[in-house]
Amino acid sequence: MRILLNDYSGHAFTVELARELAKRGHNVLHLSLGDFQSPKGDLAQKPDDPKTFEVEAISLGVPFKKYDFVARRQQEIEYGRRVTARIASWHPDVVIGCNNPLDPQRVIQNYCRACNICFVFWLQDIYSNAIKAVLKKKIPVVGHAIGVWYEELEKRLLRRADLVIAITEDFITPLVNWNVSRERIFIIENWAPKDKILILPRDNAWSRAHDLNRKFVLMYSGTLGLKHNPSLLVATAEAFKAEPEVAVVVVSEGKYADEVRDTAKARGLSNLTVLPFQDFRDYSGVLATGDVMLAMIEPDAAVYSVPSKVLSYLCAGKAIVLSANAANLAARILMRSGAGYVVAPNDEAGFVAAIRRFLKDPEARHNAGVKARGYADENFDVGMIAGRFETILAGRVKNAAPA
């Protein structure tokens, strides 16, 4: 089977899946948008990669206009066109669209339908919900209308997909309500590459290089946007500013990471450091440096939103403090696994109190970390996950056998 896996963001778990499918004899091409600011997976071709595995990052050749709605939309559509050009030259049996904004997803799906190529919508989120929430705040009247248009587009894309692979059963009800055929919906929860995120000593090369090996580190590592409530990181630094042994470290890039850095500087919070995204080869050392890992999801974020950072924290075997609604899937994973504390959104005092509990209780911190890694070991076996993908695709794709 020739599988083109298009992950807009270039996350670590999707390229791990691509490599595993290639090891099983399938021809696999992994595509992503190289210009998009996000933590990237292991996207370099390696000498020991299967010969049937290819990985490419598409570049638009200009800076990505993430915060300009009109310019960003044009760039996203152009990205969709470049993906379709690669589809045309590579001739896949199946295209898996993951993390794509709706405009390029439409371009890619339309091409696949026209060429009779099986198209799989790998559903990570209800994207139109986020579009409506953001645009309603920015341009109240017109923004709502645009949001409704995108909701109708998303419904149509999901109904027209040959298969929908969703990350949680929570999606089933809204999808069925949107008249997506139930027999075409399959559930595979997200994961992180546990065999690539190693359990390293707290005192490691990366922590020493950043003078963090003698600090108690509260770490946030991953994409930072409005839905992540970046002000909570500043509030955390304020709460610990009189404790020089505590450092708040933010590993992220973009507008909101810059705002956190600027606000910290303006307030004299020398205990808060913002670093750019790190190379995946250093990722294990980065996560090993954190004593308590931080994550935030705003109240209006979808209940099925699971930031990939939380799954990586689990692999690293770290205690986690998450600010999110208890109904959120990431919150449920933490509560089910015992890997950390879940605090209600906007409860700054509760967030800081949860961190302090871990700071004062090394045993609780250790136990939470053990449970975190235990959850990853039990649920993040890429071989089993790849087998599930194979089974699902085999029921729909004509040339489903390995090459």
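The values are calculated or read from the model by the stated rules, or taken from the named source; none is laboratory data. Computed from a prediction, not measured in an experiment: that's the story for all the values here. Reconstructed Cβ throughout: ideal geometry from the backbone, glycine too, with neighbour counts over all protein chains shown.
Checking the structure you have, find out if any residue of the range 11-20 is touching a residue at least 40 places away in the same chain (Cβ under 8 Å) and in a strand (DSSP E or B).
Residues of the range 11-20 touching a residue at least 40 places away in the same chain (Cβ under 8 Å): 11-17, 20.
Retained after the next criterion (residues that are in a strand (DSSP E or B)): none.
Scanning the range 11-20 turns up no residue that is touching a residue at least 40 places away in the same chain (Cβ under 8 Å) and in a strand (DSSP E or B).
Condition check ((1) outside the structural domain of VAL15 (by TED's automatic domain parsing); (2) part of a strand (DSSP E or B); (3) in contact (Cβ under 8 Å) with a residue 60 or more places away in the chain) across all residues:
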{"position": "PRO174", "(1), (2), (3)": "no, no, no"}
{"position": "LYS196", "(1), (2), (3)": "yes, no, yes"}
{"position": "ASN213", "(1), (2), (3)": "yes, no, yes"}
{"position": "VAL217", "(1), (2), (3)": "yes, yes, yes"}
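Total residues in the range 347-374 satisfying the condition of being in contact (Cβ under 8 Å) with a residue 60 or more places away in the chain and farther than 20 Å from THR289 by Cα: the figure is 2. Taken residue by residue, the range 195-210 has no member that is among the polar types (S, T, N, Q) and touching a Leu at 6+ places or on another chain (Cβ under 8 Å). Could you check the range 232-283 and list, in sequence order, the residues that are hydroxyl-bearing (Ser, Thr, Tyr) and over 19 Å from ALA354 (Cα atoms)? SER252, TYR256, THR263, SER270, THR273, TYR283, listed by residue number.
Tallying residues that are of a type in the set (A, V, I, L, M) and part of a strand (DSSP E or B) within the range 21-38 yields 4. Among the residues examined, VAL180 does not qualify as in contact with a helix residue (DSSP H, G or I) (Cβ under 7 Å, 6 or more places away or on another chain), part of a helix (DSSP H, G or I) and either acidic (Asp, Glu) or assigned by TED's automatic domain parsing to the domain that holds GLN37 (or both). Go through the range 60-95 and give me each residue that's hydroxyl-bearing (Ser, Thr, Tyr) and either modelled with pLDDT under 95 or touching a strand residue (DSSP E or B) at 6+ places or on another chain (Cβ under 7 Å) (or both). Passing the criteria: TYR67, TYR79.
Every condition in (1) outside any helix (DSSP H, G or I); (2) at pLDDT below 95; (3) buried (at least 19 other Cβ atoms within 10 Å of the Cβ); (4) over 18 Å from the mean Cα position of the chain (by Cα) is met by THR223 except one, and the failing one is (4).
Looking only at the range 36-65, residues that are buried (at least 16 other Cβ atoms within 10 Å of the Cβ) and of a type in the set (Lys, Arg) come to 2 in all.
Might you check whether a residue that is in the same structural domain as SER9 (by TED's automatic domain parsing), in contact with a Gly (Cβ under 9 Å, 6 or more places away or on another chain) and at pLDDT 95 or above occurs anywhere in the range 122-145? The answer is yes, given that some residue of the range 122-145 is in the same structural domain as SER9 (by TED's automatic domain parsing), in contact with a Gly (Cβ under 9 Å, 6 or more places away or on another chain) and at pLDDT 95 or above. For the range 281-295, the count of residues that are surrounded by fewer than 21 Cβ atoms within 10 Å (Cβ to Cβ), polar (S, T, N, Q), over 24 Å from GLY34 (Cα atoms) and outside the structural domain of LYS65 (by TED's automatic domain parsing) is zero.
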